[in-house]
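K.L.:
Dropping a structure here in C-alpha cells format, bear with me for questions.
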Amino acid sequence: MSVLEKTNSSALIALEDQYGAHNYHPLPVVLSRGEGVYVWDVEGKRYYDFLSAYSAVNQGHCHPKIVNALVTQAQTLTLTSRAFYNDKLGSYEKFITKMFGFEKILPMNTGAEAVETALKICRKWAYEKKGLDEHQAQIIVCDNNFHGRTTTIISFSNDENARRNFGPYTEGFIRIPYDDINALENVLVNNKNIAGFLVEPIQGEAGVYVPNDSYLKQVKALCEKHDVLFIADEVQTGIARTGSLLAVCGNCSCENHCEQQETYSKPDILILGKAVSGGVYPVSAVLADDEIMHVIKPGQHGSTFGGNPLAAAVATAALEVVYDENLAQNAKRLGKIFREKLNQYIQTSSIVKLVRGKGLLNAIVINDTEDSSTAWDICMKMAENGLLAKPTHGNIIRFAPPLVMNEEQLNECVEIIIKSVKEFER
C-alpha cells in the first residue's frame, strides 16, 4: 500500500511515529483541513481550534485574503536572498514600521530566530553605544520564560526538560522572578553591565501568567533610568491576541498603538512572529529605532529567507486583516465574555481552580498536581466533544482560538469546555 493510500488517523500517526523525531507529544488527532475557527480531521470530524497554532492563526485558518497574497506572489517571485533588492520588501518594511511605531525592521523567519536577533542587537548596542567592555554585557530574563529552544535560549530557561543534556550553555544572562519589579530594580542598581531586559508581556507557555497592571510601565521607566534596553517578546501575545495590537499597549483596543496612552509601554526592541503571517508562511520581525538598529552592518547578521518577497506579501496581507476585521476589539470583547462565563462555572467547581488571561489568550488551572494526567484527559474529552486545546505545564490548559470567532461560536465553545470538565468533577 502506498503512503498516499494510508489516509486514516491511526496509519498517519504511525507514520510520524516511525519516521519523525519524537520531539512533540500531540493529541491523537490528524488534521487535514482548516477554515476560519474550524479544523477537520482525515475522517471528516469538525473541531473548534482553541490553540490557533500557538497563536499563529489569529486571522483564522486559510484566510482568503492572506492565501490569495501567497498564491499571487508565489506565481511571480518567491526568493531572491538579500543579495539583491526585491520589489516587495521595502513597502512591507514601511508598512510594518508605521503600524507599530518604529523606524526600522530586521526581518527574519521564526520566533526563535527573532529572539536571537534581538539578543545580538542588544549586546552590540551595549558595546558600541552604551560603552560596556566587550564580552561583559549581560541580559536580564525571567523565571519560567519561553522564548524558543535554540542553544542560547535554553541556556537561560529553567525548564529542565528543555535544558537537560544540551549543554554547555551560553553565559551572559541573569534570571529574576517574573512580575517582580523590585527584583529587576535590584539587579539594575547593583550591576553596571546590564545591556537589556527580555520579557514576555504575558507568559503564555508558562500558563498564561498576566503581570500586575503597572508592571510593564514600571519596567519601561527602570530601563530608561538605567540606560538598559527594554525588549518585549510579543511572538505569542502580539497581533491583537490580547485585545490590543500589542500586549504592551495595556488596555487599549484601538486600531493602532497609542504612544500618548499611559498604558502603552513602548519597548526599545519589539519581537514579533507567528500571526505576523496569519500562519500561512514563516515570518518574524525585530523592530527598533535607528539609534539601536544602526549598530547592525552588512555581513553581521542575516538570513537567506528573511525578507523574501513571498514573506513580505503574505505579512502585509495578514496585518491588513487585523485592521480590516477589527480583531483586537473582537478579542477584547469575547475574552471578557469567556472569562465571565468560566468564572461563573468555577464558583461551584472542584476540578478547576481559576481562569486567567487577557483578550483571547486564556487558561484554566486544574485542581491537580503538575505531574497528573487530568489536564491531558480533559483535553482528550474536549476533543471528543469537538474542541481542540492542549495542556501546558501539566495542570494548565491554554485556550487561544482564532480571533475571527464570533459570540455565538464562543458560547458554543464554552458549553463544550464546561460539559467536558464536568465529567471530571469529584
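Condition check ((1) within 19 Å of Thr76 (Cβ to Cβ); (2) within 19 Å of the chain's Cα centre (by Cα); (3) among the hydrophobic types (A, V, I, L, M, F, W, C)) across all residues:
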{"site": "Ala285", "(1), (2), (3)": "no, yes, yes"}
{"site": "His294", "(1), (2), (3)": "no, no, no"}
{"site": "Lys297", "(1), (2), (3)": "no, no, no"}
{"site": "Phe305", "(1), (2), (3)": "yes, no, yes"}
{"site": "Ala318", "(1), (2), (3)": "yes, yes, yes"}
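K.L.:
Filter the stretch 325-363 down to residues that are more than 16 Å from Asn406 (Cβ to Cβ) and not in a strand (DSSP E or B), then give me how many there are.
P.N.:
The total comes to 12.
K.L.:
For the stretch 243-258, indicate whether the set of residues that are farther than 21 Å from Phe102 by Cβ, buried (at least 21 other Cβ atoms within 10 Å of the Cβ) and modelled with pLDDT of 95 or more is non-empty.
P.N.:
yes
K.L.:
I would also like to ask the following. For the stretch 101-112, check the following and say yes or no: at least one residue is under 30 Å from Gly357 (Cβ atoms) and touching a His at 6+ places or on another chain (Cβ under 6 Å).
P.N.:
Looking for residues that are under 30 Å from Gly357 (Cβ atoms) and touching a His at 6+ places or on another chain (Cβ under 6 Å), one finds at least one in the stretch 101-112, hence yes.
K.L.:
Okay, moving on. Looking at the stretch 297-354, which of its residues are among the hydroxyl-bearing types (Ser, Thr, Tyr) and touching a Cys at 6+ places or on another chain (Cβ under 9 Å)?
P.N.:
If the condition is that a residue be among the hydroxyl-bearing types (Ser, Thr, Tyr) and touching a Cys at 6+ places or on another chain (Cβ under 9 Å), then no residue fits.
K.L.:
Residues Arg123, Arg149: which one is modelled with pLDDT of 95 or more, farther than 24 Å from Ala363 by Cβ and either part of a loop (DSSP other than H, G, I, E, B) or of a type in the set (D, E, K, R) (or both)?
P.N.:
Only one candidate qualifies: Arg123.
K.L.:
I've got another one for you. Can you tell me which residue is nearest to Tyr127 (Cα to Cα) among those in the stretch 196-212 that are of a type outside the set (A, V, I, L, M) and assigned to a loop (DSSP other than H, G, I, E, B)?
P.N.:
Out of the qualifying residues, it is Glu200.
K.L.:
Name every residue in the stretch 166-184 that is surrounded by 14 or more Cβ atoms within 10 Å (Cβ to Cβ) and either charged (D, E, K, R) or not assigned by TED's automatic domain parsing to the domain that holds Ala118 (or both), in order of residue number.
P.N.:
Arg175, Asp179, Asp180
K.L.:
Could you check how many residues of the stretch 373-426 are out of contact with any Phe, Trp or Tyr (no Cβ under 9 Å at 6 or more places or on another chain), aliphatic (A, V, I, L, M) and in a helix (DSSP H, G or I)?
P.N.:
Number of matching residues: 2.
K.L.:
Would you be able to tell me the number of residues in the stretch 72-91 that are assigned to a helix (DSSP H, G or I), of a type in the set (A, V, I, L, M, F, W, C) and either over 10 Å from Ala313 (Cα atoms) or in contact with a Leu (Cβ under 7 Å, 6 or more places away or on another chain) (or both)?
P.N.:
Qualifying residue count, the stretch 72-91: 1.
K.L.:
Then there's this: Kindly check whether there is at least one residue in the stretch 143-150 that is among the β-branched types (Val, Ile, Thr) and surrounded by 18 or more Cβ atoms within 10 Å (Cβ to Cβ).
P.N.:
Taking every residue of the stretch 143-150 in turn, none turns out to be among the β-branched types (Val, Ile, Thr) and surrounded by 18 or more Cβ atoms within 10 Å (Cβ to Cβ).
K.L.:
Report the residue count in the stretch 152-165 for those that are surrounded by 13 or more Cβ atoms within 10 Å (Cβ to Cβ) and either in contact (Cβ under 8 Å) with a residue 40 or more places away in the chain or assigned to a helix (DSSP H, G or I) (or both).
P.N.:
Total satisfying the criteria: 6.
K.L.:
Do you know which residues across the stretch 296-314 are in a helix (DSSP H, G or I) and not aliphatic (A, V, I, L, M)?
P.N.:
Pro309
K.L.:
Does Gln203 satisfy being in contact (Cβ under 8 Å) with a residue 12 or more places away in the chain, of a type in the set (S, T, N, Q), assigned by TED's automatic domain parsing to the domain that holds Met293 and crowded, with 22+ Cβ neighbours inside 10 Å?
P.N.:
So Gln203 fits the description; yes.
K.L.:
Return the residues of the stretch 20-63 that are loosely packed, with under 15 Cβ neighbours inside 10 Å and either more than 30 Å from Glu320 (Cβ to Cβ) or out of contact with any strand residue (DSSP E or B) (no Cβ under 7 Å at 6 or more places or on another chain) (or both); say none if nothing qualifies.
P.N.:
Gly20, Ala21, His22, Asn23, Tyr24, His25, Pro26, Pro28, Glu43, Gly44, Lys45 - these are the residues of the stretch 20-63 that are loosely packed, with under 15 Cβ neighbours inside 10 Å and either more than 30 Å from Glu320 (Cβ to Cβ) or out of contact with any strand residue (DSSP E or B) (no Cβ under 7 Å at 6 or more places or on another chain) (or both).
K.L.:
Test Leu12 against the stated conditions and say whether it is surrounded by fewer than 18 Cβ atoms within 10 Å (Cβ to Cβ), in a loop (DSSP other than H, G, I, E, B) and touching a residue at least 12 places away in the same chain (Cβ under 8 Å).
P.N.:
Details: surrounded by fewer than 18 Cβ atoms within 10 Å (Cβ to Cβ): yes; in a loop (DSSP other than H, G, I, E, B): no; touching a residue at least 12 places away in the same chain (Cβ under 8 Å): yes.
Spelling it out, it is not the case that Leu12 is surrounded by fewer than 18 Cβ atoms within 10 Å (Cβ to Cβ), in a loop (DSSP other than H, G, I, E, B) and touching a residue at least 12 places away in the same chain (Cβ under 8 Å).
K.L.:
What tally of residues in the stretch 22-67 results from selecting those that are among the small types (Gly, Ala, Ser) and part of a helix (DSSP H, G or I)?
P.N.:
3
K.L.:
Additional query: When you scan the stretch 154-165, do you find a residue that is touching a His at 6+ places or on another chain (Cβ under 6 Å), among the hydrophobic types (A, V, I, L, M, F, W, C) and either in the same structural domain as Ala53 (by TED's automatic domain parsing) or closer than 30 Å to Ala315 by Cβ (or both), even just one?
P.N.:
no
K.L.:
Checking Gln218 against (1) surrounded by 19 or more Cβ atoms within 10 Å (Cβ to Cβ); (2) within 25 Å of the chain's Cα centre (by Cα), which test does it fail?
P.N.:
All conditions are met except number (1).
The values are calculated or read from the model by the stated rules, or taken from the named source; none is laboratory data. The structure presented is a predicted model; accordingly, all values stated were derived computationally and were not measured. Cβ sites come from the backbone with ideal geometry, for glycine too, and all protein chains shown count toward neighbours.
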